[in-house]
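Here's a structure for you.
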Amino acid sequence: MTLVPPALAEKVLEHALARGGEFAEIYAEDRHGFSVSLDDSKIEGPGGGHERGAGVRVVSGDATYFGHVDGLAEEDLIRVADSVSQALRGERGGVQDLSDPTAPHGHAIATAPGDVEAARKAELLRLCDERARGAGDAVDQVTASYAEGHREVEVFNSDGVAAADLRTRVRLGVQVIARRGDRVETGMQTRGGHAGFELVETDPGQIADEAARKALTLLDAVDAPSGQMPVVVGNGFGGVLLHEAVGHGLESDAVQKRASVYAGRIGDQLAEPFVTAYDDGHKANAWGSDGIDDEGTPTQPTLILEDGRLVSYLYDLLRAKKDGTASTGNGRRMSFRHLPIPRMTNTYFAPCDASPEDLIAGVGNGLYAVSFGGGQVEPATGDFVFGVSEGYLIEDGKVTAPVRGATLVGNGIDALAGVDGIAGDLDIATGFCGKDGQSIPAGVGQPHVRIRALTVGGTA
Amino acid sequence: MGIDTAASTAVELALAQGAGSADAFGVEGEDLTVRVYEGEVESLSEAGARGLGVRVFIDGRTALAYGTDLTEPGIGALARGAVEAAQVSDPDEYAGLPERSGAADAPPISSPELARWDTERKIDLAKAVERAARERDGISQVEDTIYADSQTRVALANSTGFRGEYEQTAAYAYAYAFAGEGAELMTGLGVGAGRDPAALDPEAIGGEAAERALALRGATKPATRRCPVVLDTFVAASFAGLIGGTLSADAVQRGRSLFAGREGEEIASKAVALVDDGLHPDGPATAPFDGEGSPRRRTPLIENGVLASFLWDARTARKGGRETTGSASRSYSSKPSVGASNLVIEPGTDTLEDLCAAAGNGVLVTHVTGLHSGVNPVSGTLSVGATGRLIENGQLGAPVREMTIASDLVSMLKSVRAVGSQGRWVPFGGSVMAAPLLIESMSVSGS
């Protein structure tokens, strides 16, 4: 695999630093994607694409200059490096010798999705359609979608980094709409990972079953209650709570601009002593995992909360240098057309030993939020909001009626301090995280977690 | 080769590969983004990008291939890829190109002024935006200030012989300011957009960010209640975008819109008029044709509270026995999908102060979060996070945060009591010309 020969990378970096700057980098990428969907029992919209290009940046003091180009032809790479350097007015900077790029570690791929015939991908969708339609007469509409991506990445910088990565992701999702009289409800389920076709080929019907079960359950849902109450949050995608309420506030760009409620809080006891959490871009085959981040730093498990104390922020190269520390492998970007910024990889609460039933039994009256449709946070204030896609009332310590239309609002610092129980059933789910106009795959996860009190916004 | 030639070549090669019909959509452009912080450039990105998407139809089977390699072999690979991918598709009797392609007589959408601004001057504009926000008493931080512009060329070719091209310029700026510190910190966003940097007023953009943050200082969680709610321009725009999405004929035909089968019915109060205007002189999305070569036009969606029309593209119109409304959105890497162009909420006669006075006791909402997860387009249920001010005896009162507002889309639309007079283009919910809305009653959840 070679996208940019090291000698050419060196030349590009020399051009980029010709008029000053302390740091230059070239990020080259070759990406293929394919997706196909099914709606109304028909396969539609198969399509694929191929994009290839590079981004070049130069850092001078606190300023970053960036340009990108489609294709990897030598003259185009030199031209973009020259154009980026135009913004600078200093002395020529030096470039360390560059070796062939190394790939620190990969993730096991048994079957490359690109080697699988498109017809087999379509078959997966038909199978999901049948399974979902078989789940009950009230199932009205089924949509299923399959997507795969393959990215070849190389990163070279003037400090001598020469790194490469091969990234394969697959994802299979099913959406079911159930209808009874005037009631219409939606259920969704997705499985995805940094993995080969084997991930979606194993029991794909289970994804359809889950989506159908959610939609059918909601048909009997009552309006969600309003007000403050204890909340038990489900495992897997429930971890989007940690992602939004805590994770974004630990991204070092927000921290350094005092745009995070977690700024200046390293070492502080922010949660009960049994609360430990990680951001782990190294976790085998997880959705948010890669071999290296998009600046060439090997991914790693980063402890963010240890026994309830805040122990680390999430760094890319630029922000790490500013804080006199090392990158935690969180410099990520959407493509060669984007600048890397600090981003989460797979963020999750570590498991403890309670059971989900214990957590629920400990609640008098409250809400069991099994899964969310999504969420959003304002890192500067920590105020967050989540839409509950599957939820139930908890009455006298027992799960009772399903609820619809529930939204959780709260503040990250308060919610974290309010975690009063963690179960042992850790699971990591697939999410897409948007920041600064860049959407990237991010794994969200946790075991079942109980929070003393959150505001539930319902319509009842 | 240029995108116009690339698009025509792609169509020819797709036909040669066995496609029954085909179209190709090419985009190329230059864009610049400046981010400033504490009076200095934090990052400057300047680059060109291009790409081409080829769509083929073979006996009702359709597929797309896209890429960035616009050499003849590159385009050949796209055409082959699309024809090959179409084999797995099931036939769809309604799939196909529009019966009549064409370009509307669009107002000017490319400003020559953009080229007259050099990078230094744009950086100065960004710095002026930041300064205008930072200067205000009580502003503790301006986290982010962005100026960005783009010059984009679009070319579309199809096998019925249509060849269309246009060039578009755009410029926008925003600032994100903080008032207060620690747990008391509140945020505010100021925005401005136009076809060139001369259309941006840095004082107004920075000032708006500061004012919005300052207005929320000391915000607390309100008591749970049911009361009148005023949505400000930003929030009204987000909701308009959402409603626009549910009016897509594709969502309707796929059983994914609560408005399915309700054309001609009263779905909103008489105060509500919503128009999709693809040719509005100031609309950011204005263009001579849509993503599949149908002319853009003006389509009333809600008139006097009555659902007047859905948004149609060629396929949904064929299936529904209608005419396209020129509502195919497209990027080079995606197949066309049905969506709004510029949404216009027809303004009323009341100022924001009038709306608050009419509300009596309620809440002014200036920011919402979690719209994509908090609104169900099928059932219409909605519950979103909100920030704003209390309205007490018709006057703006204490700021409030960490609350949700909840209702369902139809109840909300039917209880719009008045639309404000101050219409404005805002980049939320797509391209929306929005005005504030007074809603008779919504659930507000706090403590």
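The values are calculated or read from the model by the stated rules, or taken from the named source; none is laboratory data. Everything numeric here is computed off the predicted structure, so don't read it as measured data. So basically every Cβ, Gly included, is an ideal-geometry build from the backbone, and we count neighbours across all protein chains shown.
Looking for whichever is under 30 Å from A:ARG57 (Cα atoms), assigned to a strand (DSSP E or B) and out of contact with any Asp or Glu (no Cβ under 6 Å at 6 or more places or on another chain) here; the options are A:GLU148, A:GLU152, A:GLU185. Which one fits?
None of the other options fit; the residue is A:GLU148.
Turning to a different aspect of this structure: Give A:ALA16, A:ALA28, A:ALA9 a once-over and let me know the one that is within 14 Å of another protein chain (Cβ to nearest Cβ), out of contact with any Ser or Thr (no Cβ under 9 Å at 6 or more places or on another chain) and surrounded by 24 or more Cβ atoms within 10 Å (Cβ to Cβ).
Testing whether each residue is within 14 Å of another protein chain (Cβ to nearest Cβ), out of contact with any Ser or Thr (no Cβ under 9 Å at 6 or more places or on another chain) and surrounded by 24 or more Cβ atoms within 10 Å (Cβ to Cβ) leaves just A:ALA28.
List pairs: first residue in the stretch A:219-235 and within 25 Å of A:TYR348 (Cβ to Cβ), second residue among the charged types (D, E, K, R) and buried (at least 19 other Cβ atoms within 10 Å of the Cβ) anywhere in the structure, Cβ distance under 6 angstrom, at least six positions apart or on different chains.
A:VAL232/A:ARG450
Here is a list of conditions, (1) within 20 Å of A:VAL153 (Cβ to Cβ); (2) touching a Lys or Arg at 6+ places or on another chain (Cβ under 8 Å); (3) assigned to a strand (DSSP E or B); (4) facing chain B (nearest Cβ under 9 Å), and A:GLY33 meets all of them except one; can you say which number that is?
The single condition A:GLY33 does not satisfy is (2).
Which condition from (1) touching an Asp or Glu at 6+ places or on another chain (Cβ under 9 Å); (2) more than 28 Å from B:VAL432 (Cα to Cα); (3) in the same structural domain as B:GLY388 (by TED's automatic domain parsing) is the one that B:VAL229 breaks?
(2)
Out of the residues in the stretch B:361-383 meeting the condition of being small (Gly, Ala, Ser), at the interface with chain A (Cβ under 7 Å from one of its Cβ atoms) and surrounded by fewer than 24 Cβ atoms within 10 Å (Cβ to Cβ), tell me which one is nearest to B:ALA215 (Cα to Cα).
The extreme case among them is B:SER373.
Does the stretch B:16-25 contain any residue that is over 30 Å from B:ALA132 (Cβ atoms), hydroxyl-bearing (Ser, Thr, Tyr) and outside any loop (DSSP other than H, G, I, E, B)?
Within the stretch B:16-25, one or more residues are over 30 Å from B:ALA132 (Cβ atoms), hydroxyl-bearing (Ser, Thr, Tyr) and outside any loop (DSSP other than H, G, I, E, B).
Conditions (1) of a type outside the set (D, E, K, R); (2) at negative phi; (3) modelled with pLDDT of 95 or more, marked per residue:
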| position | (1), (2), (3) |
| --- | --- |
| B:LEU185 | yes, yes, no |
| B:ASP196 | no, yes, yes |
| B:ALA213 | yes, yes, yes |
| B:GLY218 | yes, no, no |
| B:PRO228 | yes, yes, yes |
| B:LEU231 | yes, yes, yes |
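Of all residues in the stretch A:431-457, count the ones that are away from chain B (no Cβ under 12 Å), closer than 30 Å to A:LEU172 by Cα and buried (at least 23 other Cβ atoms within 10 Å of the Cβ).
Looking only at that region, the number is 10.
Just one of A:LEU88, A:LEU72 is within 26 Å of A:PRO340 (Cβ to Cβ), out of contact with any Ser or Thr (no Cβ under 9 Å at 6 or more places or on another chain) and in contact (Cβ under 8 Å) with a residue 12 or more places away in the chain; which is it? Let's see the steps before the verdict.
On the way: A:LEU88 fails: out of contact with any Ser or Thr (no Cβ under 9 Å at 6 or more places or on another chain).
Result: A:LEU72 is the single residue among A:LEU88, A:LEU72 that is within 26 Å of A:PRO340 (Cβ to Cβ), out of contact with any Ser or Thr (no Cβ under 9 Å at 6 or more places or on another chain) and in contact (Cβ under 8 Å) with a residue 12 or more places away in the chain.
Could you list, in sequence order, all residues of the stretch A:394-441 that are of a type in the set (Asp, Glu) and farther than 30 Å from A:LEU199 by Cα?
A:GLU395, A:ASP396, A:ASP414, A:ASP420, A:ASP436
Another question about this same structure. When the residues of the stretch B:43-100 are narrowed to those that are over 32 Å from the mean Cα position of the chain (by Cα) and touching a residue at least 60 places away in the same chain (Cβ under 8 Å), which ends up farthest from the other protein chains (Cβ to nearest Cβ)?
For the stretch B:43-100, the residue satisfying everything is B:GLU72.
Restricting attention to the stretch A:229-260, which residues are under 30 Å from A:ASP62 (Cβ atoms), within 13 Å of chain B (Cβ to nearest Cβ) and hydrophobic (A, V, I, L, M, F, W, C)?
A:ALA245, A:ALA254, A:VAL255, A:ALA259
I'd like the residue in the stretch A:307-345 that is among the hydroxyl-bearing types (Ser, Thr, Tyr) and free of Cβ contacts under 8 Å to residues at least 60 places away in the same chain and, out of all such residues, is surrounded by the fewest Cβ atoms within 10 Å (Cβ to Cβ). Can you show your working first?
Just the residues of the stretch A:307-345 that are among the hydroxyl-bearing types (Ser, Thr, Tyr), to begin with: A:312-313, A:315, A:325, A:327-328, A:335, A:345.
Then keep just the ones that are free of Cβ contacts under 8 Å to residues at least 60 places away in the same chain; that gives A:325, A:327-328.
Details: A:THR325: 13, A:SER327: 22, A:THR328: 27.
Looking at residues that are among the hydroxyl-bearing types (Ser, Thr, Tyr) and free of Cβ contacts under 8 Å to residues at least 60 places away in the same chain, I get A:THR325.
Taking the stretch B:123-139, which residues are in a helix (DSSP H, G or I), within 18 Å of B:MET186 (Cβ to Cβ) and among the basic types (Lys, Arg)?
Result: B:ARG134, single match.
Return yes when A:GLU148 is within 30 Å of B:GLU143 (Cβ to Cβ), more than 12 Å from every other protein chain (Cβ to nearest Cβ), of a type outside the set (Ser, Thr, Tyr) and in contact with a Ser or Thr (Cβ under 8 Å, 6 or more places away or on another chain) and no when it is not. Don't jump to the end; show me each part of the working.
On the way: within 30 Å of B:GLU143 (Cβ to Cβ): no; more than 12 Å from every other protein chain (Cβ to nearest Cβ): yes; of a type outside the set (Ser, Thr, Tyr): yes; in contact with a Ser or Thr (Cβ under 8 Å, 6 or more places away or on another chain): yes.
So A:GLU148 fails the test.
Next question, about the same structure. Please find, among A:ALA284, A:ALA259, A:ALA350, A:ALA354, the residue that is buried (at least 22 other Cβ atoms within 10 Å of the Cβ) and touching a residue at least 60 places away in the same chain (Cβ under 8 Å).
Values: A:ALA284 fails: buried (at least 22 other Cβ atoms within 10 Å of the Cβ); A:ALA350 fails: buried (at least 22 other Cβ atoms within 10 Å of the Cβ); A:ALA354 fails: buried (at least 22 other Cβ atoms within 10 Å of the Cβ).
Checking each option against the conditions leaves just A:ALA259.
Could we say that A:GLY387 is over 30 Å from B:SER45 (Cα atoms), within 15 Å of the chain's Cα centre (by Cα), at pLDDT below 95 and not charged (D, E, K, R) here? Can you show your working first?
Numbers: over 30 Å from B:SER45 (Cα atoms): yes; within 15 Å of the chain's Cα centre (by Cα): no; at pLDDT below 95: yes; not charged (D, E, K, R): yes.
Taking the combined requirement at face value, the residue does not satisfy it.
Whether any residue in the stretch A:373-382 is out of contact with any strand residue (DSSP E or B) (no Cβ under 7 Å at 6 or more places or on another chain), on the phi > 0 side of the Ramachandran plot and not hydrophobic (A, V, I, L, M, F, W, C) is what I want to check.
The answer is no; no qualifying residue exists.
Give all pairs with beta carbons closer than 6 Å in which a residue from the stretch B:242-253 that is over 14 Å from B:SER379 (Cβ atoms) meets a residue that is polar (S, T, N, Q); count only pairs at least 6 apart in sequence or on separate chains.
Pairs found: B:ALA249/B:THR316; B:ASP250/B:THR316; B:GLN253/B:THR316.
Yes or no, residue by residue, for (1) under 30 Å from B:ARG134 (Cα atoms); (2) aliphatic (A, V, I, L, M); (3) in a strand (DSSP E or B):
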residue: B:GLU28; (1), (2), (3): no, no, yes
residue: B:ARG35; (1), (2), (3): yes, no, yes
residue: B:SER43; (1), (2), (3): yes, no, yes
residue: B:ALA49; (1), (2), (3): no, yes, yes
residue: B:ILE75; (1), (2), (3): no, yes, no
